[in-house]
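Undergrad: Below are the structure tokens for one structure; questions will follow.
The numbers here are math on the coordinates, done by the rules we state, and not lab data. Predicted model only: the values in this text are computed from it and were never measured. FYI the Cβ positions are ideal-geometry reconstructions off the backbone, even for glycines, and counts take in every protein chain you see.
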Amino acid sequence: MKIACLGWGSLVWSPGVLRCVGGWREDGPSLPVEFARTSRDGRLTMVLLEGATEVRTLWTELDYATPEQAQEALAGREGCSVHAIGMWPGKPPQHGAGSESIAEWASSRGFDALVWTAVRPKFDGTDGSAPSSPEAAIAYLRGLNAEVTAKAREYFERAPAQVQTPTRVAVEVALGWSSADSSHRGEAAVEEL
């Protein structure tokens, strides 16, 4: 069975317990991704966000016998419920941003199943909300203490360079946080969650 997983943030450089086969490929579906979730440790992380600029995501094959095992493993890595992990084929997750594009892409690639992180945005303590603008995200990041700032900066700098969201571009300019490979910079108009 050919099962794959999508990624756009820390999952790519730190898959944890997720059993990946080979490396991450850069030709995943274009999805509405943005820095729109405050993690438990205070970092601002990327999630699917309805209406966000679409960016090219990454994917990798997984070593699991069933889609349900892959879904459970990804939930374990993300520290969330399996209800916050999308699985194709199947009913779209509660937070279904990008689900149609994901289904089309997975079907065209001949996968038997595909899983992805489908947690909702969460900003300023409000589930379902996102920063109102890149400037709001920058103001949030500037207000973090030194320890959390270091973690937030690492996330911005280690996220795949091709995932250039408007907020990431603005943060690179305002705070100087650049990815190690900045060749993709300017193209754009989860650890525990």
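Undergrad: Per DSSP H run of at least 4 residues, take -39500 (n - 2.57); add these up for the chain, divide by its residues and hand me the 222 nm value, nearest 500 deg cm²/dmol.
TA: -9000 deg cm²/dmol
Undergrad: While we're here: Please find the FRET efficiency linking Ala146 to Lys91, where r is the Cβ-Cβ separation and R0 is fixed at 41 Å, and quote it to the nearest 0.05.
TA: 0.40
Undergrad: Now for a different question. Along the stretch 118-130, what does the Karplus equation 6.51 cos²θ - 1.76 cosθ + 1.60 (θ = phi - 60°) give for ³J(HN,Hα), rounded to whole Hz, x for Gly and Pro?
TA: Calculated HN-Hα couplings, in order: 10, 6, 7, x, 7, 9, 6, x, 10, 5, x, 9, 9 Hz.
Undergrad: Rounded to the nearest angstrom and ordered from largest down, what semi-axes does the equivalent ellipsoid of the stretch 1-106 get from its C-alpha gyration tensor (root of 5λ)?
TA: So the three semi-axes of the stretch 1-106 are 19, 16, 14 Å.
Undergrad: Still on this model: Quick check on packing: order 73-84, 154-165 by the mean number of other C-beta atoms within 10 Å, highest mean leading.
TA: 154-165, 73-84
Undergrad: Under a no-solvent Debye model with one identical scatterer per Cα of the stretch 30-72, what's log10 I(q)/I(0) at q = 0.26, 0.29 Å⁻¹?
TA: Those come out to -0.86, -0.88, one per q.
Undergrad: Seen from all sides and averaged, what is the projected area of the convex hull of the Cα atoms in the chain, in nm²?
TA: So the Cα hull casts an average projection of 9.8 nm².
Undergrad: Order these peptides, 121-133, 96-108, by their mean beta-carbon neighbour count within 10 angstrom, highest first.
TA: Ranking, from highest mean packing down: 96-108, 121-133.
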